[in-house]
1. For the stretch 354-368, state whether one or more residues are in contact with a Lys or Arg (Cβ under 8 Å, 6 or more places away or on another chain), more than 12 Å from the ligand (Cβ to nearest atom), outside any helix (DSSP H, G or I) and farther than 30 Å from Ser218 by Cα.
2. Within the stretch 27-45, can one find any residue that is of a type in the set (Phe, Trp, Tyr) and surrounded by fewer than 15 Cβ atoms within 10 Å (Cβ to Cβ)?
3. Restricting the stretch 160-191 to residues that are loosely packed, with under 13 Cβ neighbours inside 10 Å and modelled with pLDDT under 85, which is nearest to the chain's Cα centre (by Cα)?
4. Taking the condition of being acidic (Asp, Glu) and within 16 Å of the ligand (Cβ to nearest atom), how many residues in the stretch 306-346 meet it?
5. Name every residue in the stretch 369-391 that is part of a loop (DSSP other than H, G, I, E, B), out of contact with any helix residue (DSSP H, G or I) (no Cβ under 6 Å at 6 or more places or on another chain) and within 11 Å of the ligand (Cβ to nearest atom), in order of residue number.
6. When you scan the stretch 251-260, how many residues do you find that are surrounded by fewer than 19 Cβ atoms within 10 Å (Cβ to Cβ) and more than 10 Å from the ligand (Cβ to nearest atom)?
7. Working carefully through the options Phe79, Phe114, Phe140, find the one that is within 26 Å of the chain's Cα centre (by Cα) and without any contact (Cβ under 8 Å) to a residue 40 or more places away in the chain.
8. Can you tell me which residue among Ile38, Ile21 is within 16 Å of Leu127 (Cβ to Cβ), out of contact with any Leu (no Cβ under 6 Å at 6 or more places or on another chain), of a type outside the set (Asp, Glu) and at pLDDT 95 or above?
Amino acid sequence: MEEKLARRRVVLVPVPAQGHISPMMQLAKTLHSKGSSITVVQTKFNYFNPSDDFTDFQFITIPESIPESDFKNLGPIQFLFKLNKECQVSFKDCLGQLLLQQSNEISCVIYDEFMYFAESAAKEFKLPSVIFSTTSATAFACRSVFDKLYTNDVLALLKEHKGQQEELVPEFYPLRYKDFPVSRFASLESIMEVYRNTVDKRTASSVIINTASCLESSSLSFLQQQQLQIPVYSIGPLHMVASTPTSLLEENKSCIEWLNKQRANSVIYISLGSIALMEINEIMEVASGLAASNQHFLWVIRPGSIPGSEWTETLSEEFSKMVSDRGYIVKWAPQKEVLAHPAVGGFWSHCGWNSTLESISEGVPMICRPFSGDQKVNARYLECVWKTGIQVEGALDRGAVERAVKRLMVDEEGEEMRKRAISLKEELRASVRSGGSLHNSLEEFVDFMRTL
Ligand code: UDP
């Protein structure tokens, strides 16, 4: 059977952002291991430079005329609009060329839901298309009802009557209106427009979501039974099936040596992913709270993540002193390795979906400080559904930081969360094994591909 797939090529179109490229490349690796040939189509933005791990893959860069400055200045939502507009024609040309050149058939185009331009090109060539969602099923479900909420004026109300944001959204327990995935980078109207484009499934033949049924069974049922008329495959966490290097930035491995010198479960790892920003005053409050908590910490501060500063040069000597006493700072860490390290007992995170999955799959409980979009959904689930996280809401002062860190790293409450996280980790590991839910879902998708 694998031979049949081997003659068939899958064309993948990732969003040019770390949190989207990693799961797409993991999916590519997984399908390759099942016998597919792989073509990855990207643009010059956040170009994924393939390592030796991807020698069998074909990488194609399609042209567009978006200036680099737009990538930095537009904000992710406006940039996505522009990218979708600009890539429509060049992707169509690219697919046309591929069809002429390929001796083997193209079985389908798998595109990140935010790269919706790919769908119309696939349709034009009568190629099946598959949507890939790199967010949680719950965030996906929220996006699919956004339009309804909007036409009911609920979101308009939200904008004006902040008090209502604390209320629970009917049918989406335990999400509150304020947990809905709106972005701080764009107006509600722009977000609505992007969501309308992603939610409109047009001619897509199926949806893959990088999630596990043991984490989100009710959201997956809601999507399959009430929202989508096409098959939904929960194939995740993909990093557990395909461990492959996907980092756009160089990982500083020296932090592993530092971790090797620390006691088990004694270090809190702090990272806000690849996009979130943190103001200087917030950094100082976190550093002071950490100092007061007496816990050791490994902190990723990305260059450019402090507005107005290249890296940490604008931080005070007081900050350097606090760090040198009990911390270690890197610009970018080998995150999965860090989370798997026995010294790491907690993760202070912005709750991006990849970070959430990576933490759960290593049994590491979290302090949740979501920044934007679907991170708020994930934080709420971590705290109220999986009960492996503490959300820090409101103003970020040193007292709140100290309390949260002690609750997680010192108190009995944190120990209970760690036990729950470890039991989720075991469930996820079982799901990867033969007969487990991830394993089965992947096999079903591969069978489905054979029918395309
Ligand atoms: N990451 C990493 N090193 C770091 C920080 C983050 O390798 O120092 C990786 C992390 O493992 C995750 C991705 O970057 O896979 C971030 O994705 P996520 O969805 O958590 O957040 P986003 O960057 O999309 O906001």
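The values are calculated or read from the model by the stated rules, or taken from the named source; none is laboratory data. This structure is a prediction, so every number in the text was calculated from the model and none was measured. Cβ coordinates were reconstructed from backbone atoms using ideal geometry, including for glycine residues, and neighbour counts include every protein chain displayed.
1. no
2. Pass one, the stretch 27-45, residues of a type in the set (Phe, Trp, Tyr): 45.
Imposing the further condition that a residue be surrounded by fewer than 15 Cβ atoms within 10 Å (Cβ to Cβ) reduces the set to none.
No, that holds for no residue.
3. For the stretch 160-191, the residue satisfying everything is Arg184.
4. As a first pass, look at the stretch 306-346 and keep what is acidic (Asp, Glu): 310, 313, 317-318, 325, 337.
Pick out the ones that are also within 16 Å of the ligand (Cβ to nearest atom) and you get 337.
Within the stretch 306-346, residues that are acidic (Asp, Glu) and within 16 Å of the ligand (Cβ to nearest atom) number 1.
5. Once the filter is applied, which keeps residues that are part of a loop (DSSP other than H, G, I, E, B), out of contact with any helix residue (DSSP H, G or I) (no Cβ under 6 Å at 6 or more places or on another chain) and within 11 Å of the ligand (Cβ to nearest atom), the stretch 369-391 yields Phe371, Ser372, Gly373.
6. Adding up the residues that qualify gives 6.
7. Details: Phe114 fails: without any contact (Cβ under 8 Å) to a residue 40 or more places away in the chain; Phe140 fails: without any contact (Cβ under 8 Å) to a residue 40 or more places away in the chain.
Only one candidate passes the filter, namely Phe79.
8. Working: Ile21 fails: within 16 Å of Leu127 (Cβ to Cβ).
Matching residue, one of Ile38, Ile21: Ile38.
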